[in-house]
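Here is the structure we will look at.
The values are calculated or read from the model by the stated rules, or taken from the named source; none is laboratory data. Everything numeric in this text was worked out from a predicted model, so none of it was measured. Cβ coordinates were reconstructed from backbone atoms using ideal geometry, including for glycine residues, and neighbour counts include every protein chain displayed. Please note that ligands, DNA and RNA were not included when accessible areas were found on the heavy atoms of the full protein model with its side chains. Shrake-Rupley method; radii C 1.70, N 1.55, O 1.52, S 1.80 Å.
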Amino acid sequence: MPAGAPRAAGAAAASCACPDPECVVPGAHPFDPGLLAATTDARMIRWWWSSRPEAPVLLATGGRAPCAVSLPAVAGARALAALDAQGMRLGPVVATPTRWAILVAPYDLERLGELLYAKDSVPSSLRFHGDGGYLPLPPSTTGTGQVRWERAPLEGSARPWLPDVEAVVDALVEASSSTPGGGSRLAY
């Protein structure tokens, strides 16, 4: 789907192609007009990619689509190491230079609220991408740099396996809480 994309070379690194000159998530949001333009129609996608090759690819999260939890990159690396040490089976993980996002099975706000309410504290650096949200996917470029797979979906898999949010949230909260400075950097 076409989205706010970083401006051409020579423009400020953190500027966005959207009309907002103070965009806080350059290249990491819908643009054409929001999520209403989302499609899987091959003809429309070919047109977008031929007329706007710099436009990021976005995953509309929630509903039947995957959801995600994102956190600062340093905390993301710590969380993946902790989850690996527990033998946790993970699905795809998307990474930018400043943030990592672990894709999880769809969840609703009520379920997420109950889960987070049970925690003593939840760092403000954690972001939850559920219904109505979106996530930039490779090969997009955001205002902070190139989006890549830290853990790519398995090749040939039409529906990647995704853990439940409950299975990963403790490790994500712990990793974010133990990041120097509290892991509060919010740049995407």
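Within segment 128-147, the residues that satisfy the criterion of being surrounded by 16 or more Cβ atoms within 10 Å (Cβ to Cβ) and in a strand (DSSP E or B) are Phe128, His129, Tyr134, Leu135, Pro136, Leu137, Thr141, Thr142. A single member of Leu103, Leu162, Leu90, Leu126 is at pLDDT below 90 and either at positive phi or not small (Gly, Ala, Ser) (or both), and it is Leu126. Any residue in segment 155-169 that is touching a helix residue (DSSP H, G or I) at 6+ places or on another chain (Cβ under 8 Å) and open to solvent by 70 Å² or more (accessible area, probe 1.4 Å)? Taking every residue of segment 155-169 in turn, at least one turns out to be touching a helix residue (DSSP H, G or I) at 6+ places or on another chain (Cβ under 8 Å) and open to solvent by 70 Å² or more (accessible area, probe 1.4 Å).
Remark: pairs (first residue in segment 81-109, closer than 16 Å to Pro160 by Cβ and acidic (Asp, Glu); second residue at pLDDT below 95 and not in a helix (DSSP H, G or I); Cβ separation under 8 Å; 6+ apart in sequence or on different chains) are absent. The residue pairs whose first member lies in segment 163-178 and is more than 17 Å from Gly113 (Cα to Cα), whose second member is charged (D, E, K, R), and whose beta carbons are closer than 8 Å, counting only pairs six or more residues apart or on different chains, are Pro163/Arg89; Ala175/Arg78; Ser178/Arg78. Within segment 112-122, one or more residues are in contact with a Gly (Cβ under 9 Å, 6 or more places away or on another chain), farther than 21 Å from Cys18 by Cβ and in contact (Cβ under 8 Å) with a residue 12 or more places away in the chain.
So which of Asp108, Asp120 is open to solvent by 30 Å² or more (accessible area, probe 1.4 Å) and within 20 Å of Glu174 (Cα to Cα)?
Working: Asp108 fails: within 20 Å of Glu174 (Cα to Cα).
Sole residue among the options that is open to solvent by 30 Å² or more (accessible area, probe 1.4 Å) and within 20 Å of Glu174 (Cα to Cα): Asp120.
Looking only at segment 52-89, residues that are more than 15 Å from the chain's Cα centre (by Cα) and closer than 20 Å to Gly133 by Cβ come to 4 in all.
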